[in-house]
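The values are calculated or read from the model by the stated rules, or taken from the named source; none is laboratory data. Treat the numbers as computed from the prediction; the structure is a model and nothing was measured. In this analysis, Cβ positions are derived from the backbone assuming ideal geometry, glycine residues included, and neighbour counts consider all displayed protein chains.
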Amino acid sequence: MTNLEELIKLGFLVEEDSKEAIERLNEARFQELVKHLREEKPLIVSKDIIKDILTREIEILKQYEPMDSFTVQDFVEILNKRYGFLQDILLRKVELKNIVSINKVSNGNVSVIGLVKDMLIKNSRRMLVLEDPTGYIDVLIDASLTEKVVLDDVVAVTGRISGKVLYAEKIFFPSVPLRPVNYSETNVKVVFTDKKVNADYIVSDKKIEDKIKRKKYSVKAPYFVSINDVNILIAPGFDPMELLSKRYLNIERADFLIDPIPDIIFTDKDVNMSYKGISIVSKNNLINLKTREIQKIT
């Protein structure tokens, strides 16, 4: 028996435009729908009723929390937490071979992970000073490979040790991996804007409007919100490609780690693209979470 046949057998009248959505539901979601229909007893099962029932409550996963005061110990703890988080990501990169702590390096080919403590220009090369919990090492690398590197980034480098210097051939950021695209089960439309528009969810720097559940939330960007199990990062003012590469933001001395990996990023930069299964969507563009189709609003 199909989902539609079962609903009719239970005595529900079903609108024509909602039949396809009902048939696509798996067993667990269909039983969830039946439970709510029995409780709410609508005159007719419409597309809007299905969306309202099956759309989950949004969840604010994390948001930026400014620090009221800042001590030397706070700075040390922030760097330690950043290093630990990003080191764990880099250790899983298959491109890195012979990873050793800095105090264990010896002549030959190695990979090391460290926090960038200093940078000096030497002709067409750059000297990086990398630090891990065991010590420091000088890294000589082509300057063109370090254009995006800033102090206190966490990176991995591979190369050859000679004397006390690592002559690096490659540098790696803890960038996001390629993943399958994560779609919503139902058609819901989300837009990052300050305008009054027709969408299921309107997100901005400071608030979220849930038009389906008729709720509003106060937030502080950057923040992560989960809508229908799709993780969305709202990050105005930042380069989306850089934050996906470095996996952290430092805002007024406080860190915002890019975790979990977003399915969608809303940005105020003029960019609309797909990158490793992640949709990057600029302000005043609406995205359908089920199809990932993007539409400009006016």
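The table below gives the values:
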item: Candidate set: segment 1-58, residues that are in contact with a strand residue (DSSP E or B) (Cβ under 8 Å, 6 or more places away or on another chain) and in a helix (DSSP H, G or I); chosen: the one surrounded by the fewest Cβ atoms within 10 Å (Cβ to Cβ); result: ILE8
item: Checklist (1) in contact (Cβ under 8 Å) with a residue 40 or more places away in the chain; (2) closer than 29 Å to ILE78 by Cβ applied to ASP205, failing item; result: (1)
item: Given (1) in contact with a Pro (Cβ under 9 Å, 6 or more places away or on another chain); (2) assigned to a strand (DSSP E or B); (3) of a type in the set (Phe, Trp, Tyr), number of the condition TYR217 does not satisfy; result: (1)
item: Residue list for segment 280-298, restricted to those being among the polar types (S, T, N, Q) and surrounded by fewer than 15 Cβ atoms within 10 Å (Cβ to Cβ); result: THR291, GLN295, THR298
item: Selection count, segment 229-247, where residues are polar (S, T, N, Q) and touching a strand residue (DSSP E or B) at 6+ places or on another chain (Cβ under 8 Å); result: 1
item: Within segment 128-177, tally of residues that are small (Gly, Ala, Ser) and within 27 Å of the chain's Cα centre (by Cα); result: 2
item: Qualifying positions in segment 195-208 - more than 23 Å from PRO66 (Cα to Cα) and not hydrophobic (A, V, I, L, M, F, W, C); result: LYS195, LYS196, ASN198, ASP200, TYR201
item: Count - residues of segment 192-243 that are modelled with pLDDT under 95 and under 20 Å from LYS276 (Cα atoms); result: 1
item: Which listed residue is more than 27 Å from the chain's Cα centre (by Cα) and not assigned by TED's automatic domain parsing to the domain that holds ILE234, from ILE49, ILE89, ILE78; result: ILE49
item: Top-ranked residue of segment 249-267 - restricted to ones that are in contact with a strand residue (DSSP E or B) (Cβ under 7 Å, 6 or more places away or on another chain) and outside any strand (DSSP E or B), ranked as surrounded by the fewest Cβ atoms within 10 Å (Cβ to Cβ); result: PRO260
